[in-house]
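Shown next, in structure tokens, is the structure this report addresses.
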Amino acid sequence: MKIFRILPFALLLASTGCGPGRPTDEEFLKEARRLSAEMGKTLLAEVKGAMQEGGPVHAIEVCATRAREIAARFSTGGFRIRRIGTRIRNKEHDTPTPREAALLAKIDADTAEVFEKLDGERVYLRAIRIGSATCLLCHGKEEGIAPAVREALKRRYPEDEALGYALGDLRGAFVVREASPSR
Ligand code: HEC
């Protein structure tokens, strides 16, 4: 029964934007860092596991479905997370908005993350780099990619632009936002 007395109060706090309904900038940043680190680890484990299980062609199929499921799993507690690319493979889901593209452009070799608050809406980007030779198996220079992998990529992503990367290159970013920004 207690819930009836607490609920209107919680709603009032949430609607004023200063109660537990809206995290402070520090809380937002802390959670955005945690989510992007966790999602990064999960994706890496997933792609490595799939490669061991059935090689890179199989791993492409796994990436194509699991990347979105994993993003949905981590998009909880009022936060949304997804990936964007500097050059895009999955155009439908991973194309940056103009604002995200502008933030991505601020990331240089020494930048790990960008946080911006614009008109009250907060956005966090964490750089994704080509951190290991594994990434190159599917994102490296075309001539260095196994023919079966190239074919599998072409089949699924006819407009694929996410090739030609080298070790250390910026590949994209995790983007964290609030699920329902106040404006
Ligand atoms: C087995 C092949 C494979 C490997 C290895 C691989 N990727 Fe990908 N990558 C893909 C596929 C396939 C997609 C598109 C997934 C989708 O449809 O959501 C993708 C998408 C991405 C995206 C999202 C942006 C876009 O272009 O759609 C990023 C960022 C990314 N990969 C980074 C990496 C990094 C960093 C590594 C190394 C740790 C890596 N990938 C290793 C196949 C791979």
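Throughout, read-outs are computed from the coordinates displayed, never taken from laboratory work. A quick note: this is a predicted structure, and the numbers were derived from the prediction, not measured. Here Cβ is always computed from backbone atoms with ideal geometry, including for glycine, and neighbour counts include all displayed protein chains.
The packing ranking, built from the mean of other Cβ atoms within 10 Å per residue, places the peptides 55-63, 121-129 in the order 121-129, 55-63, highest first.
Kindly count the pairs of lysines across the chain whose alpha carbons are less than 16 Å apart, treating pairs on different chains or eight or more residues apart as eligible. Intermediate values should be presented prior to the final figure.
Numbers: Lys30/Lys117; Lys91/Lys154; Lys106/Lys117; Lys141/Lys154.
The result is 4.
The local environment of Glu116, defined by Cβ-Cβ distances under 12 Å, has a net charge of 0 under the rule Lys, Arg +1 and Asp, Glu -1. Taking 10 °C and 1.306 mPa s as conditions, the chain diffuses translationally at an estimated 88 µm²/s according to Stokes-Einstein applied to its Kirkwood radius (Cα pairs). The distance between label points at His93 and Glu27 comes to 3.0 nm (points 7 Å beyond Cα on the Cα→Cβ vector). Each of Ala146 and Glu53 was given a label point 7 Å from its Cα along the Cα-to-Cβ line. The distance between the two points is 1.7 nm. If you take the alpha carbon atoms of the stretch 105-146 and fit the smallest convex hull around them, that volume is 101 Å³ per residue. Under the membrane-span-like helix rule (DSSP H runs whose alpha carbons stretch at least 20 Å along the helix axis, mean Kyte-Doolittle hydropathy 0.5 or higher), the chain yields 2-16. If the chain linking Glu121 and Arg34 were pulled fully straight, counting 0.36 nm for each residue of separation and taking away their Cα-Cα distance, it would gain 29.4 nm. Could you list the residues of the stretch 38-59 with an amide nitrogen less than 16 Å from a label point located 7 Å from the Cα of Arg73 in the Cα-to-C-beta direction? In the stretch 38-59, the label zone of Arg73 (backbone N under 16 Å from the point 7 Å along Cα→Cβ) covers 38-51.
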